[in-house]
Structures are given as C-alpha cells and as structure tokens.
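Here is the structure we will look at, set down as structure tokens.
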Amino acid sequence: MNLVMIGTGYVGLTTGVGFATLGHQVACVDIDAGKVARLDRGEVPFYEPGLQEALKHVQEKGRILFTSDLKSVIGGAEVVMIAVGTPPKSSGEADLTALFAVADQIGSVLDHEAVIATKSTVPVGTNRIVLARVREAMRAAGREELTSLINIVSIPEFLREGSAFEDFLQPDRLVIGSDDRVAAQITERLHRDIIAPRVMTSLESAELIKYAANAFLATKISFINEIANLADRVGADVRHVAEGLGHDHRIGPHFLKAGVGYGGSCFPKDVSALEQISGAHGYAFKLLSAVIEVNNRQREMFFKRLVEELGGVRGRRVAVWGLAFKAQTDDIRESAGIEIAQRLHATGAELCVYDPQAMNNARAVLSPHVEFAPTAMDAAEGADALVVLTEWPEFREVSFSTLHDRMLEPRIFDGRNHLADLHLENQGFIYRGVGLGSYASA
Ligand code: UGA
C-alpha cells in the first residue's frame, strides 16, 4: 500500500521504516529540511538499536523516501499517518499546535479518497477535531465534494525507545479506533502482516487506551517505589518483594523496578496530560495525582540522601554514570541523570559525567563547567562519590577493584539498583541502592 508518514521523530521514523520493511511504499515528510537531508543519506538522527540497518535495507529496496514537500508525495497515498510531537505545555496539557497545522496542511493538498491515521498521542476528542480541520481545509481549497471520502482512525503507538523497531514488528496488540468501518478495514490491511491481537474500537476509546496504558505503567512504577521506600525503613529488599509480586500472573513481573522514578518523553507528559484531561471533564483522578507526586518525591529523596550522606556536596567531586532517561537510548528528556547532575552542580559539587550515548545531548543542557569523561572509569577518577542513574550494561562490566583504587572515597549511590547484585560492599565499597533496606531505623 501507499503510505505518507508526517513527522520523523522516533515514532514516525520507526513506524515509517517498519511499514516499508513490511513491503509498503512509504513517503516520510518532515518540515526540518536538515533532518530530511540526513535521512536521505541513510543517517538516523538519534540512537535506536536496529533502525539504521533497517533504514538502509528499505532504502536499497526503494521503498522509502524523505521530503519536506507534502504536496509532492500525497498523490496516490491511501493512508496519511500523523506522528508529530504533542509536547506538554506548562499546564500539563498537550500542545496540539503542530498536529493541527499538519491537519490543515493535509486538507489543503489532499485531492483523493484517503484515510487519515493519527499516531501522535492526543487528548480524547482530538481526532474528531483533526478530521474536521482536514475537511475544512479541503472545502477552502474548493474540494467540498471529496470531504465525505476522507475519514480518520486513531492508531496509538506503544513503542519503547531502545526497542522501538522490534516493538513495531511484534507489538502486544494493535488498537484501531474509528467510526468508519471502511477506514478501519484499510488500516487493518496496512497492518496485515503484523501478528497481534486487534482491539477494534471507537476514536475516543483508542485515544484513552494510549493514556491509560502509560498511566497504568507509571502507576506500577510509583507503586513499587513506595514499596521501596518502605522496604528501606523496615529492612526489606524491594527486588525480592517485586519478584514475589511478579510471579502472580495477575500482577506480572514488568515495570516493578524501583529507582529514581520514571522519566523520558512519554510517561511524565502523558500522565500529566491524563490528569489534566480528567480535570477538564470535571473529574479529579486522585490516583494519578499521587503517581506524579510519588515520582517527583522519588528523585528528591534520592538527591537529599546523597547530599546528607556526603555531609554536603560543595567542593566534593561527584561522578555521574548515566544521563539518558534509560538505557539503549540517547534521549535525555525528563532524565533523572540530567536533573540530578544539574542539581549537584547547582549545589556546588565538582561534577564529572559519562554516558555511552547521551553525551552530545547532555552537553547542550549541562553547564560548561561540568566535565565530560571519555569512559565510565575516567569519570570516577578521584571522586568522593559515584552516582549511577541509567542502567547501561557496560557499568556492570568495569573492573570494580580498579574503580575502588581510582575513587577518592569508594561510595556508590545507585538510583537504579543496577549494581545491587554485585555485592560491592564485599569489595570495600559503601553501596546505597533504592529500597534495599539500607536506611532501616535501628
Ligand atoms: C513508554 C511506554 O513503555 C511505551 O509503551 C510507549 O509507547 C512510550 O512510552 C510512548 O508513549 O511513546 P519509553 O518512554 O520509551 O516507553 O520508556 P519505558 O521503557 O516505558 O520507561 C519509562 C521510564 O520508566 C524510564 O525512565 C524507565 O527507567 C522507568 N522505569 C521503567 C522504571 O523506573 N521502572 C521500571 O520497572 C520500568
């Protein structure tokens, strides 16, 4: 089939390359001409395992192209998919400026029957507005008679950064929301080769499923973080508690890793947006407010403990391992590593940081006084404390005896419990995780 994908962020690009991999003909459109030029040369502008190779493959097959000119590729498109960002406003509400601009643009150039498919995460009710705007722009362009042939589907994405391409090919489910049976069938045909349960539903339900999924996962994380805080006080180990919970099929083992809380471009944004959507409909979603509060407190508590145990950080040398919001990505949006590094720096610590992928992105936001080390070991040289904030596998592979020798004080504060099973206390380290019972009152 012929697909136009608008927006080449990690969702749009991964999905576009994914559909091309499945044999469809895909035109990816982005207003950023520099990005289009890079993609055209086969360069993925962010780190996403497997995507670079997949892009190369579909480019060689001639199944994908990149352009800034929607008009030049819209002819013949059976599906026009929108995957532009919906970043949060300061109120928590999703900013739909880019989405609506795209809707208007589609309407101004669309001259044949097509399905509009929304991938972007949007508040409940938005797809109807998008469709109305597309049709309005078509009318303004003198194509009133075609408006009834244009319909919309909501197909929310559930891709995780770091495994997005794999998640595209092997999703847990496909959600297709539409009022129009034909539009839903065409969308289903586009996904024909993807084996997964289908949830065929209304626009509103599809829109809400996306927020509910992220909010539920965030709730699991905040829940286990609350248990971790209690575990610290009662001398229990949250990892064992999570294991004991996870074997229960009704609970499941995933998203029960305690730590400094969730970050990234999705959970913080979507949980706040759902709280905001609820409020706008006159409903106080109390659980969600608590999930957000717990998540904020988690970082705060970790930072406070670090400062307290060091007896203040002014003038102390602190190493930070991990700046990406999680491993296998270079994304630093709402990252605990960045926030804690910024706070350490602001409180007067002498800071040296390292991340295997996120250094360039971090340089753009951290103070020029922060040192960037070429390796994890170099970052820890002469440090009074080492703070671990992203669970990169390579952090487990360093020589801990060398690390011990190179640090001024062998103290590790692990915000992910990433090194907890290495029993570093036995190698002379003072090791602190989250919820490992380290703060039990006597
Ligand atoms: C998340 C969802 O998992 C995807 O399904 C969804 O499509 C995506 O948001 C989105 O809405 O676009 P992502 O943000 O890539 O994906 O990252 P996750 O792997 O879900 O992790 C989110 C945060 O939670 C990270 O900071 C991670 O470190 C943290 N986390 C995750 C925990 O603290 N504990 C856990 O047990 C799991």
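Yes or no, residue by residue, for (1) within 12 Å of the ligand (Cβ to nearest atom); (2) open to solvent by 50 Å² or more (accessible area, probe 1.4 Å); (3) closer than 25 Å to G125 by Cα:
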| residue | (1), (2), (3) |
| --- | --- |
| G177 | no, no, yes |
| I186 | no, no, yes |
| T201 | no, no, yes |
| K210 | yes, no, yes |
| N225 | yes, no, no |
| A228 | yes, no, no |
- Query: For the stretch 337-349, does any single residue satisfy the condition of being closer than 21 Å to E226 by Cα, among the polar types (S, T, N, Q) and more than 16 Å from the ligand (Cβ to nearest atom)?
  - Reply: no
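Considering only residues of the stretch 230-264 that are among the basic types (K, R) and in contact (Cβ under 8 Å) with a residue 12 or more places away in the chain, which is farthest from the ligand (Cβ to nearest atom)?
R233
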- Name the pairs whose Cβ atoms lie under 6 Å apart, with the first residue in the stretch 203-217 and touching a residue at least 12 places away in the same chain (Cβ under 8 Å), the second in a helix (DSSP H, G or I) and within 14 Å of the ligand (Cβ to nearest atom), and 6 or more positions between them or separate chains? Y211/D270; Y211/L274; N214/F267; N214/D270; A215/V271; A215/L274
- Item | Within the stretch 408-429, considering residues that are touching a residue at least 60 places away in the same chain (Cβ under 8 Å) and either under 19 Å from A379 (Cβ atoms) or of a type in the set (F, W, Y) (or both), the one surrounded by the most Cβ atoms within 10 Å (Cβ to Cβ) | G415
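From the list L386, L408, L351, L366, pick out the single residue that is touching a Gly at 6+ places or on another chain (Cβ under 6 Å) and either under 21 Å from Y431 (Cβ atoms) or not charged (D, E, K, R) (or both).
Sole residue among the options that is touching a Gly at 6+ places or on another chain (Cβ under 6 Å) and either under 21 Å from Y431 (Cβ atoms) or not charged (D, E, K, R) (or both): L408.
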- Message: I want to confirm something. Restricting to the stretch 155-175 and keeping residues that are more than 6 Å from the ligand (Cβ to nearest atom) and among the acidic types (D, E), which single residue is least open to solvent (accessible area, probe 1.4 Å)?
- Response: D167
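Results for (1) modelled with pLDDT of 95 or more; (2) of a type in the set (G, A, S); (3) in contact with a helix residue (DSSP H, G or I) (Cβ under 6 Å, 6 or more places away or on another chain), shown as yes or no for each residue.
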| residue | (1), (2), (3) |
| --- | --- |
| F165 | yes, no, yes |
| L174 | yes, no, no |
| G177 | yes, yes, yes |
| R192 | yes, no, no |
| S202 | yes, yes, no |
| I209 | yes, no, no |
| N225 | yes, no, yes |
| L230 | yes, no, no |
| H240 | yes, no, no |
- Item | Answer residue from the stretch 265-293, given it is in a loop (DSSP other than H, G, I, E, B) and buried (at least 20 other Cβ atoms within 10 Å of the Cβ) and is nearest to the ligand (Cβ to nearest atom) among those | C266
- Task: Report, by residue number, each residue of the stretch 263-286 that is within 24 Å of R160 (Cβ to Cβ) and small (G, A, S).
- Result: G263, G264, S265, S272, A273
- Can you tell me which residues in the stretch 294-324 are of a type in the set (D, E, K, R) and either in a helix (DSSP H, G or I) or out of contact with any strand residue (DSSP E or B) (no Cβ under 8 Å at 6 or more places or on another chain) (or both)? R297, R299, E300, K304, R305, E308, E309, R314
- Pairs under 7 Å by beta carbon, first residue at positive phi and in a loop (DSSP other than H, G, I, E, B) in the stretch 353-364, partner among the aliphatic types (A, V, I, L, M) and open to solvent by 40 Å² or more (accessible area, probe 1.4 Å), six or more apart or different chains? none
- Being in contact (Cβ under 8 Å) with a residue 24 or more places away in the chain and within 13 Å of the ligand (Cβ to nearest atom), is that true of even one residue in the stretch 303-321? no
- Go through the stretch 241-264 residue by residue and tally those that are in a helix (DSSP H, G or I) and of a type in the set (V, I, T). 1
- Condition test on A327, is it hydrophobic (A, V, I, L, M, F, W, C) and in a loop (DSSP other than H, G, I, E, B)? yes
- Being polar (S, T, N, Q) and part of a loop (DSSP other than H, G, I, E, B), is that true of even one residue in the stretch 226-240? no
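The values are calculated or read from the model by the stated rules, or taken from the named source; none is laboratory data. The shown structure was predicted, so the numbers you read here are calculated from the model rather than taken from an experiment. Here Cβ is always computed from backbone atoms with ideal geometry, including for glycine, and neighbour counts include all displayed protein chains. All accessible areas refer to the heavy atoms of the entire protein, side chains included, with ligands and DNA or RNA removed. Shrake-Rupley method; radii C 1.70, N 1.55, O 1.52, S 1.80 Å.
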